[in-house]
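Working notes for the structure below.
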Amino acid sequence: FRYKFFADKPVEKFESLILRNSGNDNMGLQFHDCFMTGLTRDMDIDRQAYQPAAVYINGEYWGLLNLREKVSTEYISDNHYVNSDSVNLLEGNGSIVDGTNERYNALKGYLNTKSSLQNDADYQGVRNQIDLNNYIQYQLTQIYLNNRDWPGNNTKFWNSTSPESKWRWILYDTDFGFGIWNVEDYQMNTLAFALEPYGPDWPNPPWATLLFRRLSSNLSFRNNFINQFCDRLNLDFHPARINADLDSITDLYDNEMAYHFNRWWGNYDEWYWRLNNRRTFGQNRPYYCRRYLREEFLLGPNLNVNLNVSGPGEGKIKLNTITPTKYPFTGVYFNNVPVTLTAIPEPGYKFVAWEGSVVSTEPTISFGMKVSGNFTAVFTEAEEEDFSVVINEINYKSH
């Protein structure tokens, strides 16, 4: 198919597509998985794009389905510009979908020889084989969503035959999450669930939690995971973002739902009741995620990081892995888990200095989080001598 089906991805050709009936959410919201995976659109996560579709078969209305990308080697090729023939696509405990699992089996073997990765050299041996930011953001997303049809199920990951290629995880089929069965599931300790060493065959058997358990024994990984979890709770999973996304996706589906329910069965009032349940989950989930991070990793109290810039349009601040676009901005982090800040000037401006809890002219600073922090990045208009052009590649002949 040569057509740009999905507005939020640049892909314009597809070997295959899926029409999905929303899985466990069938005759519920009809967009549960689309909504949840869509929350990660600004994160380093492989996810399926979606587009609602009113389906007709031989002219007969067949209801509302979701057009989705199909998770395949072609999906990876389209989203990462690698040759599909070079992709190793695995699922579960390393079962082969396509390619080979030799390198993954070697990684599992290595993990099983180690009782922990406290030693940084051992940790580095694993880190060299996985895309660390992708893995961390994938894990914390599944934990935030409270997806308990995972990690022993609905797990796919991939690398390529290139020796430098690292394993990346794909987010899909998250239907069990976000309080689909019980709105009070926002209280569930899915962090402990994902670290369980003696889980049942389903849904979190020991093999499915092994990598996360080993990585979490390393202090550097723990601090990285904790900070990135806080980053996303402060931005992508913030209740205001949840409500805005629900408003947007509701507007997209609303007009079709009456026709869909009339074709099958369902209740429009119940549909809105389910929507409000998702809002309740989104409002309450961050508190419990922070609570379980504190309990699991023996952390101190919450502390605020308050950010501002000297003037609108002059620059931004990258806080660990997020770059807020509106200031002032406040994020919640933990005592004694250091954060990193980088000042990023907009075109035509240059960074001058940090003011507040740290006074520095270095664009990137670290703050130890002994107390709450206040930071203002000061920018000024750049002068002619501040600009330079660097030529780092010459294409002398196009093919």
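The values are calculated or read from the model by the stated rules, or taken from the named source; none is laboratory data. Computed from a predicted structure; not experimentally measured. Virtual Cβ from ideal backbone geometry, glycine too; neighbours counted across all protein chains shown. Protein only, heavy atoms only, side chains kept; ligands, DNA and RNA dropped before computing areas. Shrake-Rupley method; radii C 1.70, N 1.55, O 1.52, S 1.80 Å.
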For region 115-167, what is the charge dipole size about the Cα centre, in debye to the nearest 20, if Lys and Arg each add +1 at the Cβ and Asp and Glu each add -1 at the Cβ?
-> 180
Starting from the Cα-Cα distance between ALA54 and ASP269, subtract it from 0.36 nm times their residue separation and give me the gain in nm to one decimal.
-> 75.3 nm
Cα centre as origin, Lys/Arg/Asp/Glu Cβ charges: region 273-364 dipole, Debye | 620
What does the charge count near LEU195 come to, summing +1 for each Lys or Arg and -1 for each Asp or Glu among other residues with Cβ under 13 Å from its Cβ?
-> 0
In nm, to one decimal, how far is the GLU383 label point from the ASN26 one, both placed 7 Å along Cα→Cβ?
-> 6.9
Which FRET efficiency value, to the nearest 0.05, do you get for VAL358 and ALA240 by plugging their Cβ-Cβ distance into 1/(1 + (r/R0)^6) with R0 = 30 Å?
-> 0.60
Largest fluctuation, TYR61, TYR75, TYR135 only, Gaussian network model of the chain with Cα springs under 10 angstrom, belongs to TYR61
Under a GNM of the chain (C-alpha, springs under 10 Å), which listed residue has the highest mean-square fluctuation: TYR138, TYR198, TYR186?
-> TYR198
Net charge near LEU275, counting Lys/Arg +1 and Asp/Glu -1 over other residues with Cβ under 13 Å of its Cβ?
-> -4
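For a Förster distance of 25 Å, can you work out the FRET efficiency between the beta-carbons of ASN93 and SER115, rounded to the nearest 0.05? Write out the running numbers ahead of the final one.
Working: r = 20 Å, r/R0 = 0.80.
Efficiency for this residue pair is about 0.80.
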The convex hull of the Cα atoms of region 111-223, divided by residue count, gives a volume in Å³ per residue of 109
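Counting Lys and Arg as +1 and Asp and Glu as -1, what is the net charge of the other residues whose Cβ lies under 11 Å from the Cβ of TYR110?
Taking every Cβ under 11 Å from that of TYR110, the sum is +3.
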Under a point-charge model restricted to the Cβ atoms of Lys and Arg (+1) and Asp and Glu (-1), what is the dipole moment magnitude of the chain relative to its Cα centre, in debye to the nearest 20?
-> 880
What order do HIS238, HIS260 take when sorted by accessible area (1.4 Å probe), most exposed first?
-> HIS238, HIS260
Non-local residues with an amide H under 5 Å from the amide H of ALA353, with H modelled 1.01 Å from N and Pro and chain starts lacking one, are VAL378
Separation of region 250-274 and region 219-242 by C-alpha centroid, Å?
-> 33
Quick one: length gained pulling ASN302 to THR100 fully straight, 0.36 nm per residue minus the C-alpha distance?
-> 68.3 nm
May I ask you to give the solvent-accessible area per residue for region 244-349, in square angstrom, as obtained with a 1.4 angstrom probe?
-> 51
What's the center-to-center distance, using Cα atoms, between region 327-366 and region 102-173 in Å?
-> 31
For THR325 and ASP85, what is the calculated FRET efficiency with R₀ set at 35 Å and r taken between the beta-carbons, to the nearest 0.05?
-> 0.30
Stretch gain in nm, segment TRP181-LYS318, where the contour uses 0.36 nm per residue and the Cα spacing is subtracted = 45.6 nm
Under the definition of Cα pairs under 8 Å and six or more residues apart, what whole-number percent is the relative contact order of the chain?
-> 13
Of the heavy-atom accessible surface of the chain (probe 1.4 angstrom), what whole percent is carbon and sulfur?
-> 48
Using the charge dipole of the chain (Lys, Arg: +1 at Cβ; Asp, Glu: -1 at Cβ; taken about the Cα centre), state which of LEU65, TRP167, VAL55 has its Cα farthest towards the positive end.
-> TRP167
Amide H neighbours of ASN336 under 5 Å, counting only residues 5+ apart in sequence or on other chains, H built in-plane at 1.01 Å?
-> LYS370
Could you give me the ³J(HN,Hα) list for region 100-108, computed from phi with Karplus coefficients 6.51, -1.76, 1.60 and θ = phi - 60°, whole Hz, x at Gly and Pro?
-> 9, 10, 4, 5, 6, 4, 5, 5, 4
Could you pull out which residues in region 219-253 have an amide N less than 17 Å from a spot 7 Å beyond the Cα of ASP44, following the Cα-Cβ vector?
-> 220-233, 236
Which of LYS114/LYS156; LYS156/LYS326; LYS9/LYS156; LYS108/LYS370 exceed 29 Å between C-alpha atoms? The answer is LYS156/LYS326; LYS108/LYS370
Would you be so kind as to identify which of SER22, TYR253, LEU107 lies farthest towards the positive end of the dipole of the chain, taking Lys and Arg as +1 and Asp and Glu as -1 on Cβ and the Cα centre as origin?
-> LEU107
Given the options GLN228, GLN118, GLN142, state which has the largest fluctuation in a GNM of the chain using a 10 Å cut-off (strictly under) for Cα springs.
-> GLN118
Given the candidates LEU117, LEU191, VAL97, the one whose Cα lies deepest towards the positive end of the charge dipole of region 94-235, counting +1 at each Lys or Arg C-beta and -1 at each Asp or Glu C-beta, is LEU117
